[in-house]
Amino acid sequence: MSESASLDSFVDKWRQRWPEWGLASVFVPAAQRTRLAAWFALLQELREAAWAGSDPTPGLAKLAWWQEELRGWGRGARRHPLGEALQKLDADWDRFGRALAALPATRVPDVAREDQAALRTFASGVLACESDLFGGGEPAPADLDRVVDALRAERALVQGDPAAGARLLSSLEAARGGSLTRPRRLQTAIVRERVRGAAQDAAGPPRPASAWRLLWSAWRAARG
C-alpha cells in the first residue's frame, strides 16, 4: 500500500466514524477541507488511544508513540501517513506533542472534575494547532472551558456512557465559541447532537443526528 493510500485509509476511517462531517464540511472553505479531514483523523487516533478499550496499556503505548511522532514533525521528520498531509503545514507540532502527556490522566471520568487541568492542557494544544491550521487567535478562557466540556462529551461517547454525556448537554447547548475556529465550533455542534441522540436512546450506540437538525446546528456554529 502506498503512503497516499494509507493516508486515505485513516481519513476514511474518520469519515466512517463521523459521517456528520459529510454535511458540516460545506461550511468550511474548500481550500481547508483536505487539511481538516487529516487533522480530525489525527484527533480520532488520539481519542481512541486515550479513551477506548477496557485495557489502557495499548492506548498508553500509542500516546507515547504519538508524542514522539508529533515532536518529530516539528523538526521536519515524519513516519505516520497522516504526516503526509499535516507535517509540512505551519503549526506548533512540538507543543501539541508535549500536550499529549496530559491525556493519560483523562481516561477515567471524575465527577469532581479533577481532570480539568489535564484536559485544559490538551485542549490548549489542540486549539493552538487549529488556530495555525484554520486561522484564528488566542481562545477566550470561557471558550477553552467549553472545549474541555466538549472533550468530556467525546470521552463519554467513546466509552459508551450516555449519562455522562447527558450531564454536559446544558454546557454544550450554551456553547457559542466565538473565539474558536469554525472547524472547532462545527465539531462541538456535531458532538452536541451525538450526545443528545445517545441520551435519548441510552440502550443503543451513539447515533448520527438527523440531517435537518445537524444542518441547523452546523449553520449556527459556522456563524459563530
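Details
- Residues considered: 24, 52. Of these, the only one that is surrounded by fewer than 20 Cβ atoms within 10 Å (Cβ to Cβ) and either of a type in the set (Gly, Ala, Ser) or in contact with a strand residue (DSSP E or B) (Cβ under 6 Å, 6 or more places away or on another chain) (or both) is 52.
- Residues that are in a helix (DSSP H, G or I) and small (Gly, Ala, Ser), drawn from region 50-62: 50, 59, 61
- Of the residues 41, 31, 99, the single one that is exposed (fewer than 15 other Cβ atoms within 10 Å of the Cβ) and within 16 Å of residue 130 (Cα to Cα) is 31.
- Single match in 73, 21, 65 (criterion: modelled with pLDDT of 95 or more and touching a Gly at 6+ places or on another chain (Cβ under 9 Å)): 73
- Scanning region 157-170 for residues that are aliphatic (A, V, I, L, M) and over 14 Å from residue 188 (Cβ atoms) gives 158, 163, 164, 166.
- Residues that are within 22 Å of residue 174 (Cβ to Cβ), part of a loop (DSSP other than H, G, I, E, B) and among the β-branched types (Val, Ile, Thr) within region 103-128 comprise just one, 111.
- For region 168-206, residues that are over 16 Å from residue 221 (Cβ atoms) and at pLDDT 90 or above total 1.
- Counted residues, region 27-49 - those being of a type in the set (Gly, Ala, Ser) and either in contact with a strand residue (DSSP E or B) (Cβ under 7 Å, 6 or more places away or on another chain) or over 20 Å from residue 180 (Cα atoms) (or both): 1
- Top-ranked residue in region 97-130 [being more than 14 Å from the chain's Cα centre (by Cα) and among the charged types (D, E, K, R); ranked as modelled with the lowest pLDDT]: 110
- The condition of being in contact with an Asp or Glu (Cβ under 7 Å, 6 or more places away or on another chain), assigned to a helix (DSSP H, G or I) and not aromatic (Phe, Trp, Tyr) holds for only one of 47, 33, 15, 79, that being 47.
- Failed condition for residue 106, given (1) surrounded by fewer than 20 Cβ atoms within 10 Å (Cβ to Cβ); (2) over 27 Å from residue 5 (Cα atoms); (3) in contact with a helix residue (DSSP H, G or I) (Cβ under 9 Å, 6 or more places away or on another chain): (1)
- The numbered conditions (1) farther than 23 Å from residue 55 by Cβ; (2) of a type outside the set (Phe, Trp, Tyr); (3) touching a Lys or Arg at 6+ places or on another chain (Cβ under 7 Å) are all true for residue 158 except (1).
- No other residue among 39, 65 is part of a helix (DSSP H, G or I), among the aromatic types (Phe, Trp, Tyr) and more than 22 Å from residue 16 (Cα to Cα) apart from 65.
The values are calculated or read from the model by the stated rules, or taken from the named source; none is laboratory data. As the structure is a computational prediction, the values presented were derived from the model and not from experiment. Note: ideal-geometry Cβ built from the backbone for every residue, glycine included; neighbour counts use all protein chains shown.
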